[in-house]
Amino acid sequence: MGAIQPDERLAPCAVRAAPPLNRAAPGLLSEDDMRNTTIRATLAIMSMTVGGNPAAVSGDGACGTFGDATVYGVGAEPRTVAVGDLDGDFDLDLAITNKVDQTVSVFLNNGDGIFAAPVLYAAGGQAWGLVMADLDGDLDLDLATGNQGSNSVSVFMNNGDGTFAPQVAYAAGAQPRFVAVADLDGDLDLDLVPFLVSQFRTVAVMPPCGIVASLGS
């Protein structure tokens, strides 16, 4: 390797990253982004306690130090936090499932790491797992939850501005807790894969049409 030139040196604790996030794949950086753009790291940690509130802790990235926590109230027994650009303004927003309330809390970022008051969306029974993905191919992030108490998966389509249409529920087998997304059939759209707690080593494969097929036992 050649010697590092003075203009290539980074300040302590700085990172290379791209300011605009790829909304279809949050956090994805191109090779050019990594080579040409240098910004100071900004870190955020989410912590949750059962029956409590999530705390967003932010700092300037100065060698692992953090500022004081800002606590945001959510519903009863928050279970899963997902992070992504929900409203297309190139900052990261939050969505959280609330098991007891059977809701999803959506916090939109004001652009400075401070979040607006949450908007609540009704989900299925004992909403637990949560994933953000572009499920309808319109280049914004939709939401899907695994609802253990109602044996369903709820899909929330993004209106394009970080607000969501009411849930559409799909039967998903017994006690789906977590949910993942992937293009399982090679048709360039994303399918849903809930994990069924009541049947170990079992998942339900859900193409966009909503057909459920169990794999394993």
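The values are calculated or read from the model by the stated rules, or taken from the named source; none is laboratory data. Computed from a prediction, not measured in an experiment: that's the story for all the values here. Cβ: placed from backbone, ideal geometry, glycine included. Neighbour counts: every protein chain shown. In case anyone asks, the SASA skips ligands and DNA or RNA and just uses the protein heavy atoms, side chains included. Shrake-Rupley method; radii C 1.70, N 1.55, O 1.52, S 1.80 Å.
What is the gain in length, in nm to one decimal, between residue 68 and residue 136 on full extension, counting 0.36 nm per residue of separation less the C-alpha to C-alpha distance?
Gain on stretching residue 68 to residue 136: 20.6 nm.
Summing +1 for each Lys or Arg and -1 for each Asp or Glu among the other residues whose beta-carbon sits under 15 angstrom from that of residue 117 gives -2.
Accessible surface comparison of 132, 157, probe 1.4 Å, protein chains only, largest first: the order is 157, 132. Counting only heavy atoms of the protein chains and using a 1.4 Å probe, residue 168 has close to 70 Å² of accessible surface. With θ taken as phi - 60° and the Karplus curve 6.51 cos²θ - 1.76 cosθ + 1.60 applied, the whole-hertz 3J(HN,Hα) list for the stretch 150-163 is 10, 6, 8, 10, 9, 10, 10, 7, 6, 6, x, 10, x, 9 Hz, x standing for glycine and proline. Note on surface exposure: 97, 103 rank 103, 97 by accessible area, highest first, 1.4 Å probe.
So for 130, 108, what's the accessible-area order with a 1.4 Å probe, most first?
Numbers: 130 20, 108 45 Å².
Largest to smallest exposure gives the sequence 108, 130.
The distance between label points at residue 76 and residue 165 comes to 3.1 nm (points 7 Å beyond Cα on the Cα→Cβ vector).
Annotation: residue 140 carries an accessible surface of approximately 10 Å², with a 1.4 Å probe and no ligand, DNA or RNA atoms counted. Karplus-based coupling profile of the stretch 101-113, in residue order and whole Hz: 6, 6, 9, 10, 9, 10, 10, 8, 6, 6, x, 10, x, with θ = phi - 60° in 6.51 cos²θ - 1.76 cosθ + 1.60 and x standing for Gly or Pro.
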